[in-house]
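Reviewing the structure listed below.
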Amino acid sequence: MPPPVMPQTPHKDDLEETWSFLESGINSVMHKLEDGVDMKHYMALYTAVHNFCTSQKAVVSNQGLQAHRGGSSAITRSLLQIAQSQEKEKQPLTVAGLITAHLLGEELYKLLGEYLSRHLEEVQQKSTAHTEEALLGFYIREWTRYTTAAKYINHLFSYLNRHWVKREIDEGKKNVYDVYTLHLVKWKDDFFEHVHSKVMDAVLSLIEKQRNGETIEQSQIKSIVDSFVSLGLDENDSKKSTLEVYRHYFQQPFIDATRKYYENESRQFVAENSVVEYMKKAEARLDEEKARVGLYLHSDVTKSLTETCLDVLVTAHSNLLRDEFQVLLNNERQEDLARMYGLLSRIKEGLDPLRGIFEKHVKKAGLAAVEKVNSEGENFEPKLYVDALLQVHSRYQSLVEEAFNGESEFVRSLDNACREFVNRNCIAQANNTKSPELLAKYTDSLLKKGSKAAEESELEEMLVQIMTVFKYIEDKDVFQKFYSKALAKRLVHVSSVSDDAETSMISKLKEACGFEYTNKLQRMFQDIQISKDLNASYKDWQDKVLDDDDRKRMTDAHFHVLGTGFWPLNPPTTAFSAPPEILKTAERFQKFYFDKHNGRKLTWLWQLCKGEMKANYIKNAKVPYTFQVSTFQMAILLLFNEAETLSYTDIEKATNLAPEVLDPNLAIFLKAKVLLASPEGGKPDPSMSFSLNYNFKNKKVKVNLNIQIKSEQKVETDDTHKTIEEDRKLLLQSAIVRIMKSRKKMRHVQLVQEVINQVKSRFPPHVIDIKKNIEALMEKDYIERLEGEEIAYIA
Amino acid sequence: MEHSVNQVFSKYHGASDEPDKIGIEGAMRFLGDIDVQLDEITCLAIAEFCKCPTMGEFTRAEFIQAWVGQRCTTIAQMKTHANRLRMKLRTDMDYRRSVYLYTFLVSRVQGQRHVQHDIAVDHWRLFFTEEGSNAGNSATTPWLDWWIEFLEGRGKRPVSRDLWGQIELFLVEANKDETFGFWDVEGSWPPTIDEFVAWVKAKREEGKMEE
């Protein structure tokens, strides 16, 4: 409802008249805004402010102005006086870079401030009637009314804002604000200062209720937060706001209360519940508080709220949590471990102690698994051993992945633990190279024909697993040795399960250890390929050269020519006179080969040769038996084409075989009943004689007599170890020479360190061994010692 | 001056010697005349001074050059210089070491890289016991005796140049610090010396057990 009488616009020179006109208008904006404001009246108010500020006479009030400005500086005052003297000539004057004009309005500004103070005093009086939530309601109501009015009043006084206030501020006056801000300042000084602690008490008890599970009016808190935030004014620039007020009056008490609340709650909860339950609780509380920020708090609080909660809920109980870690590991409680990781990962250095425990635990598990394999006797399958290692690894790898977020530090702990138990356990203790040996043997068993993993994809997966263990092996050179021996056999005996699998394995090794590591392995493959072509052209050659007679008596043969430098094979350890049939075949090939490659040398590896023989002499056999035999065995059996019974010495003389080779082969014949001994029984010895068994019987038509002899296996393993020692010496010496050659002079310690760096990808060298090889090289005059622990290269 | 020294050289040159060499007999006479005993380090110092190619042999050019350099033309002057060297061996440890290192070179049997065990032991006994030595037996530990005992125990192997040079340094250190504080298994000492340290430690343990 518009006022019934249109008020007269006040006389523009009259302060009192102007103010009382304004005051009644402001008052109705403040109190009766809901009734609406008449546009004309509103315009009148606006005009009154404008008129007053532009009136001439106001200069008179200079005195009052001076008094009011008790605090202003002498310079300002003199500027003002200059401005006043200039006023008579109506010309602005530039002083010290400032345009100083005479602007009016201070009185109005002052009176408005006084009005607001009066208003707020009333509000404050009324507030004492309220407490708790009612107080919050009251505060928010009054705040809303006040700030809404402030916007209108600010507009009414916009002339004042634009001129007088602006100049005051430009001149650097403190405590002068635009009219809206003046409202806020007054609110803060005259009301807020008196009620904030009561208001906060109400807010905090509301939040506590919510934490206790009650439903509350969240919007109230949100409004309070907004109000507190609005009250933050930048001292240096009133147009900017800061969060100072909010931080000091809201955030601080809120954080303190939060800390206290959770200190109590967690202390109590821990006393009455299990650690796992507590972790769930803490997790839930952390989530809840995070959500709280989004619901009704200022986002500025997030950091300190989270820190406080973590401090009280996690850090304060971190020892308790960590003590539970081993228990959870023992019981494989993956989910709870993940929960613990989640909590402790959020505090500083929270996880460090866990890593050590985890590493120890994995190592223990690995050792226990190997222990179990070991308890099953000495002759376990390599597969059993490798599987045991893999199982432990994969179990804890998935734990790290699932529960520990795949965090790199835990991966490192896992790797450390695995490296330990793979290289040092009850099976690999006395002989540190047992692990690579077993791994290589297991690989061989997979890649050899007749392995159980028939599926190509399954085999590939197993090769990948082998590489997992391989990664941890320290003595990679040992693996290489055993692997290349086994590969040589697979290739020579054509017993690889597939070329693809072989290639795949070699490329994996190459990827892990580099070209040099697999170079010889690849050359072995090439030799086999070249040999295939060679045999084809040998066949063509034979077709041209041989006559019918030769062809009739020809032995069907296949040859491998293997480069001495690449193949881990040795010449036979025994003398051997090959039977004439074989010798002729061998010589013919040799002739062909030397024609082709003049100057090369061929060494026959008789111990690796094998063949098949047809036994036409056996009675009662519809189809003649075929014996699969080694060349040595062939030589023995062929003797019986000429005689039915032969003495041990006959055989020994004819074949030239050493007793260590001859005896076990005779034993195989006796055991298979291909030959009969007289006298019967016992091991073959020089007093025995042997004859063909014409009544030989076997279920199969093809009989494999080419069985590897146990003692041979052992000798082979020992030999391999011996070559490893030799190779390591060479590797160390060549590393030392290489380093010294490039560095010329070097301190002993540095040289040792550098050598370790260079060879550790192959095997972990002992310092003692390095020193011995340094000494050896000194004696060979490659290097010499200078005074002061320095080593020099001798060119 | 050269002429005078050359005269001295000729005086000891025997009929059966090569034209520019004094053989073993002449050498012994010469050393006797300048009052140098065969079983003192000074004898080796003179050999080093005259750049003898092997023990007990002087070559003309080096002999003349060495003595002329010192302005010694008579036996009496040479005797004085020998005495000077004798004193220097007792006070100047760097000099003493250079004579020690030279000794290895002239103690090898021709064509070999190592010095035979027995010869090495004789020299050690000389170097590590004669006045001025700080590398021999101490009041509490018979370092030299133990070292020789240790080498005998492992088969009297020939001694390499490196081991020769290092053992002197080692024994000096061991005399200063009998607990091997200066030693580290990963340090630069030759492996033979590392083994010796282990041997000494074991021997000391044994000694304690017996007490």
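The values are calculated or read from the model by the stated rules, or taken from the named source; none is laboratory data. What you see is a predicted model; the values in this text were computed from it and never measured. Positions of Cβ are backbone-derived with ideal geometry, glycine not excepted, and every protein chain shown enters the neighbour counts. Each accessible area value is taken on the protein alone, full model and side chains, heavy atoms only, with ligands, DNA and RNA left out. Shrake-Rupley method; radii C 1.70, N 1.55, O 1.52, S 1.80 Å.
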FRET efficiency for residue A:23 and residue A:348, using Cβ-Cβ distance with R0 set to 45 Å, rounded to 0.05: 0.15
Accessible solvent surface per residue of region B:108-210, calculated while the other protein chains remain in place, 1.4 angstrom probe, Å²: 50
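With +1 on each Lys and Arg Cβ and -1 on each Asp and Glu Cβ, and nothing else charged, work out how big the dipole of region A:300-345 is about its Cα centre, in Debye to the nearest 20.
40
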Residue among A:262, A:662, A:216 farthest towards the positive dipole end of the protein assembly as shown, charges placed on Cβ: A:662
Cα lying deepest toward the dipole's positive end in chain A, options A:154, A:320, A:446, charges on Cβ: A:446
Nitroxide proxy distance, nm - points 7 Å out along Cα→Cβ at residue B:38 and residue A:729: 4.0
Residue-level accessible surface for residue B:13, protein heavy atoms, 1.4 Å, Å²: 50
Positive minus negative residues near residue A:639 (Lys, Arg vs Asp, Glu; Cβ under 14 Å): -4
Solvent-accessible heavy-atom area per residue, rounded to whole Å², over region B:2-91 at 1.4 Å: 53
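Treating only the Cβ atoms of Lys and Arg (+1) and Asp and Glu (-1) as charged, compute the dipole magnitude of the protein assembly as shown about its Cα centre; round to the nearest 20 debye. Mind showing how you got there, number by number?
Details: 133 positive and 151 negative charges, 516 e Å.
Rounded to the nearest 20 debye, it is 2480 debye.
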Solvent-accessible area lost in complex, 10 Å² minimum, residues of region A:767-788 relative to chain alone, 1.4 Å: A:767, A:768, A:771, A:772, A:775, A:778, A:779, A:781, A:784, A:785, A:787
Virtual spin-label span in nm between residue B:141 and residue A:558, 7 Å along Cα→Cβ: 6.8
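I'd like the interface area for chains B and A: accessible area of each alone minus the complex, both sides summed, 1.4 Å probe, protein heavy atoms only. What is it in Å² to the nearest 100?
By this definition, chains B and A bury close to 1300 Å².
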Accessible area of chain A divided out per residue, in Å², using a probe of 1.4 angstrom: 53
Convex hull of region A:627-727 built on C-alpha atoms - directionally averaged projected area, nm²: 7.7
Nearest-0.05 FRET efficiency for residue A:360 and residue A:281, computed from C-beta distance (R0 25 Å): 0.30
Carbon plus sulfur fraction of accessible area for chain A, probe 1.4 Å, in percent: 50
Percent carbon-and-sulfur accessible area, region B:108-210, ignoring ligands, DNA and RNA, probe 1.4 Å: 49
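Using the beta-carbon distance between residue A:587 and residue B:105 and R0 = 45 Å, what value does 1/(1 + (r/R0)^6) give for FRET efficiency, to the nearest 0.05?
Efficiency, rounded to the nearest 0.05: 0.20.
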Listed residue (A:295, A:398, A:522) projecting farthest to the positive dipole end of chain A, Cβ model: A:522
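Please give the length that would be gained between residue B:65 and residue B:25 if that part of the chain were fully extended, namely 0.36 nm times their separation in residues minus their C-alpha to C-alpha distance (nm, one decimal).
12.2 nm
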Dipole magnitude (debye, nearest 20) for region B:2-91, charges at Cβ of Lys, Arg, Asp, Glu: 440
Interface residues, region B:154-169 - accessible area loss of 20 Å² or more versus chain alone, probe 1.4 Å: B:160, B:161, B:162, B:166
Listed residue pairs exceeding 18 Å between alpha carbons, taken from A:485/A:772; A:363/A:471; A:363/A:510; A:532/A:596; A:741/A:780; A:476/A:714: A:485/A:772; A:363/A:510; A:476/A:714
Net charge over other residues, Cβ less than 14 angstrom from the Cβ of residue B:74 (K, R count +1; D, E count -1): 0
When the convex hull of its Cα atoms is projected in every direction, mean area for the protein assembly as shown (nm²): 87.5
Inter-label distance for residue A:316 and residue A:151, nm, one decimal - labels placed 7 Å from Cα along Cα-to-Cβ: 4.4
Gyration tensor verdict on region B:81-199 (Cα atoms; rounded if a/c is under 1.5, prolate if a/b is larger than b/c, oblate otherwise): oblate
Chain lengthening between residue A:650 and residue A:529 when straightened (0.36 nm per residue, less Cα-Cα): 39.5 nm
Flagged links, alpha-carbon separation over 29 Å, of A:151/A:222; A:610/A:671; A:198/A:281; A:614/A:671: A:198/A:281
